[in-house]
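Any read-out appearing in this document is the output of simple, stated calculations on the displayed coordinates, not a laboratory observation. Model, not experiment: these values are computed from the prediction. So basically every Cβ, Gly included, is an ideal-geometry build from the backbone, and we count neighbours across all protein chains shown.
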């Protein structure tokens, strides 16, 4: 197994938090029984609304993880949260449990855009959340921002970037808006009630972010992520390096033991499955809450490693690491395609690394598609 094994927990059933926590503890213990002492380097509480849990509930979850696994002394332990859920007393209590990193969903500095996202916070709430985090002792904070929204101008986006930088976070993650079927925003765009997102404008926004964030002292290390030196999201690096991680809780995804799996999505069904399960050892990484598990073929693992590795703008794909893992040099697999992208200025390649150029990042999906 890997040196670092990441956890992702999810809650989305506000009226059943206590039974949910009990079910999650059962799932953690079941996984630990099948692989005792597995090393864990990052723990991430995300998805749904994890900040609805009390500090005491986080403490009992962390204790359960520590009892079943070998948690690194310097483990990165993160919480994803909405700004309006974060008060200084709550954050101070969370810090005492061992949580040491926050990811705050700022999204935008525009009231109109926040209304479009149906967010319950405003910019003053984000400022207050950041101040509370600092007062509570959190020295590692990420802000999530969204660009490319209907009606958003380049000036609007620049104002959001400036506001985010003024808060001096250690990390910023950018998300280009994706319209998904069935959402109210998608229906409004399709009906003409909202303007369709402009891909060219979104590309300009990405370029602007690259310039502004660099000027603000943040280094880009992944296509959508910037940080101050030493504050890379270690949890997410596990994904981007296509290394194993455990996913627990409703709707979670995991990749461990050569198996990619999903957990039952609906909280009620998830809890029922764990409550009814007999006490027995399950084949790692399965638990009674596993909805689907598929063994990853070597071909798929190679494709996924290329797809994720090219997202790392500084690290890229380390050729020696790739060859050690798969027994073949990436250039031997895709030499002509790689060389063509190098000629077109989309990739840079030497004896040690293959990675996207600045121009290549704007068309990364196309580049990756041809290599997998």
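Please give the FRET efficiency for residue 253 paired with residue 178, using the beta carbon to beta carbon distance and R0 = 22 Å, rounded to the nearest 0.05.
The pair residue 253/residue 178 has a calculated efficiency of 0.80.
Please arrange 261, 175 by counting, for each residue, the other beta carbons lying within 10 Å of its beta carbon, fewest first.
The order, fewest Cβ neighbours first, is 175, 261.
So how much slack lies between residue 200 and residue 66, counting 0.36 nm per residue of separation and subtracting their Cα-Cα distance, in nm?
Here the answer is 43.5 nm.
Just to verify a number: FRET efficiency for residue 214 and residue 112, C-beta to C-beta distance, R0 = 25 Å, to 0.05?
Once rounded, the FRET efficiency stands at 0.35.
Take residue 326 and residue 34, extend 7 Å from each Cα along the Cα→Cβ direction, and tell me the distance between the two endpoints in nm.
Roughly 2.7 nm, to one decimal.
Express as a percent, rounded to the nearest 5, the fraction of DSSP beta bridges in the chain (both residues included) that run antiparallel.
Taking every DSSP beta bridge within the chain, about 45 percent pair in antiparallel fashion.
Test of understanding: what is the full-extension gain from residue 292 to residue 228, defined as 0.36 nm times their sequence separation minus their Cα-Cα distance?
19.2 nm
Just the number: Rg to Rh for the chain, Cα atoms, Kirkwood Rh, two decimals.
That ratio equals 0.96.
Please report the base-10 log of the normalised intensity I(q)/I(0) for region 298-371, using a Debye sum with one equal scatterer per alpha carbon and no solvent, at each q in 0.22 (1/Å).
Values, matching the q order: -0.95.
Out of 39, 89, 244, any idea which swings most in a Gaussian network model of the chain, alpha carbons joined below 10 Å?
Comparing 39, 89, 244 in a Gaussian network model of the chain, the most mobile one is 89.
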